[in-house]
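These notes are about the structure you will find just below.
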Ligand SMILES: Cc1cc2nc3c(=O)[nH]c(=O)nc-3n(C[C@H](O)[C@H](O)[C@H](O)COP(=O)(O)O)c2cc1C
């Protein structure tokens, strides 16, 4: 074993990789070598820390110094100052918004302070490409425990007692799902991990796979033991190359150590895992479509029942669970159902990972106990709304979810509360919107996505979403008519009740939820022909306020369609007929004389 | 993996490498590496500490560096800190002194008082 005095953790998750953490990594290795420090200081690649907008991120142990936005050019200074002289490089440390001083240590940062890391426990802390690091942090001991000390039924009971519910969107009790599959008759059963992660903007599962792949493999083996399956499949989208590569490596390492394969721990239990690549259709995340796709057919859903627990992959009993669900399983077995159930609310136990995005200071990946309020997430962890704007609503559950308006900001977030307000937990996308967001436009955006992703097998979804999208587009184009709202509602009901799978059954949610909380905005578009947030171009007009205009002609010179005319030193005017509402004039005006509304 | 024992052995080995990233209640050895410290041989002291720790397999002792505390005439300086206790500062440390500090202070918990520069505290 090499003895190092310092470990430097560099995030090579997708987020930091795209902000060039690989360049930094090679520069660091080179610089350490040049200074003869390569035997003293070890460089370790990790998965995502969650604080993605600060990438590339680098943490130095044993001090736990947290560096952010580190460039290749900064490395020389870090090596000279920190590694040779022991002085952290002040300017690269993290500073809380508004704070005077830099926060040196990782654990002191607000963004991390309010979080509780269960599913993400190892992400950013271990090298995902070394099984030894996972084992050092008690990895594979949960599998050892179930094989040595527990009957399959005891494992299922433990999961049931923990109160764990599926993290892939539906929130179905995981223990119960396993019970159905365990009870189902059949000599061949399967465990499937859903790593399709199709919600736009979601990257929870990706980060777990990139940062802690063994947690998922171990949990799949535990599930296999519980239900009597010897084969697992991970269905992961091909657009996740780093995740796929690390999973593949993890599987090989586990096989080499005999933690996957035949007769694990000499206890007579066989289990192996294979990867299946998905080609990125949203519907393939739906479990029946996913199974059809694993079988090598076109990924289309089929009616349930029969549920996969009874007739899944190749008509054999199968459980499908989400990546984050599995990541929790390992920890439940290790620390016990009571420990897990002590976190969260009455019916939603444990924690939830969210991908925080939108008009917020700190975007990234967070994990909080169930029941945390939106206020804590947005203001304490998220650092508040960008540019001091007003918070308007948060969208959860992606294209199948809905929004939570500002007045409900103190709602504790759990499965049931979200459903009650017409939103949805979904897989954990959380998009924060400010006063400049048009809710009709947001609804149209999500419907455009689901309409495009509808597989077309059942008419309510295929035709219904198309018609809804047409109406929404009409409204945002300023051509809405009074009966549109009613038509939207009728269509929504029909699509929800008649669609084959949950893609269609939930597709109208963003529309229904915005209609519920922001009906006035729809009405303003339809009756007053106005977009209150100033987003829908067709409903905007640009005007020059004569009192403020100095007649400098800058706007006229910048208008691409010559819609502005006037005499120098006299107020100019915009010809509404010609104006294409590009906003170039408003951006250029130095006197704030141009208004949009 | 044939048995639980095998996994435990693997863990014990791997754990040592990771100890650096965990909070331990074990002492932290800080080498003062300002320009003055380095000029007076702080780097060789640091290397001596590392190799001594390695020889004795003391993976839970953290070694860090810091700047000059202002007592340049005593360089190289090495501070041993245990959580909840006042730090012990050793002055004019040489690679030869390191062994004694580690054996007597770190392992047996008896500071080498004659080399301390902050005894009055
Ligand atoms: C259109 C659609 C897309 C879905 N996409 C995903 C997905 O990307 N990942 C996922 O885990 N579950 C997804 N689901 C939910 C799955 O059908 C299924 O409920 C889930 O994988 C079960 O695992 P869990 O109980 O652990 O949550 C999707 C469902 C629908 C209807």
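The values are calculated or read from the model by the stated rules, or taken from the named source; none is laboratory data. Since the structure is predicted, the reported quantities are computational estimates derived from the model, not experimental observations. Note: ideal-geometry Cβ built from the backbone for every residue, glycine included; neighbour counts use all protein chains shown.
Any idea how many residues of the range A:182-199 are away from the ligand (no atom under 12 Å from the Cβ) and either assigned to a helix (DSSP H, G or I) or at positive phi (or both)?
Within the range A:182-199, residues that are away from the ligand (no atom under 12 Å from the Cβ) and either assigned to a helix (DSSP H, G or I) or at positive phi (or both) number 3.
Quick check on the range A:319-330. Is at least one of its residues surrounded by 15 or more Cβ atoms within 10 Å (Cβ to Cβ) and away from the ligand (no atom under 12 Å from the Cβ)?
Taking every residue of the range A:319-330 in turn, at least one turns out to be surrounded by 15 or more Cβ atoms within 10 Å (Cβ to Cβ) and away from the ligand (no atom under 12 Å from the Cβ).
Could you go through the range A:142-149 and let me know if any residue there is surrounded by fewer than 18 Cβ atoms within 10 Å (Cβ to Cβ) and within 26 Å of residue A:343 (Cβ to Cβ).
Yes, because at least one residue in the range A:142-149 is surrounded by fewer than 18 Cβ atoms within 10 Å (Cβ to Cβ) and within 26 Å of residue A:343 (Cβ to Cβ).
Considering only residues that are in contact with a helix residue (DSSP H, G or I) (Cβ under 6 Å, 6 or more places away or on another chain) and within 12 Å of another protein chain (Cβ to nearest Cβ), which ones fall in the range A:60-78?
A:61, A:62, A:64
Here are some residues: A:132, A:158. Which one is without any contact (Cβ under 8 Å) to a residue 40 or more places away in the chain and either in a helix (DSSP H, G or I) or away from chain B (no Cβ under 14 Å) (or both)?
From the options A:132, A:158, the qualifying one is A:132.
Working only within the range B:21-45, note down all residues that are assigned to a loop (DSSP other than H, G, I, E, B), facing chain A (nearest Cβ under 7 Å) and more than 23 Å from residue B:111 (Cβ to Cβ).
B:34, the sole residue that qualifies.
Any residue at all in the range B:2-20 that's at the interface with chain A (Cβ under 10 Å from one of its Cβ atoms) and touching a strand residue (DSSP E or B) at 6+ places or on another chain (Cβ under 6 Å)?
yes
Can you give me the number of residues within the range A:208-240 that are on the phi < 0 side of the Ramachandran plot, outside any helix (DSSP H, G or I) and either out of contact with any strand residue (DSSP E or B) (no Cβ under 6 Å at 6 or more places or on another chain) or outside the structural domain of residue A:177 (by TED's automatic domain parsing) (or both)?
3
Out of the residues in the range A:277-292 that are within 12 Å of the ligand (Cβ to nearest atom) and in contact with a strand residue (DSSP E or B) (Cβ under 7 Å, 6 or more places away or on another chain), which is nearest to residue A:243 (Cα to Cα)?
A:278
Tell me which residues, restricted to the range B:49-86, are at the interface with chain A (Cβ under 10 Å from one of its Cβ atoms) and on the phi > 0 side of the Ramachandran plot.
B:57 - this is the single residue of the range B:49-86 that is at the interface with chain A (Cβ under 10 Å from one of its Cβ atoms) and on the phi > 0 side of the Ramachandran plot.
Does residue A:307 count as within 16 Å of the ligand (Cβ to nearest atom), in a loop (DSSP other than H, G, I, E, B) and more than 14 Å from chain B (Cβ to nearest Cβ)?
When the stated conditions are applied, residue A:307 passes them.
Any residue that is assigned to a helix (DSSP H, G or I), more than 30 Å from residue A:11 (Cα to Cα) and more than 16 Å from the chain's Cα centre (by Cα) - is there at least one of those in the range A:366-379?
Checked against the condition, which is being assigned to a helix (DSSP H, G or I), more than 30 Å from residue A:11 (Cα to Cα) and more than 16 Å from the chain's Cα centre (by Cα), the range A:366-379 yields no hits at all.
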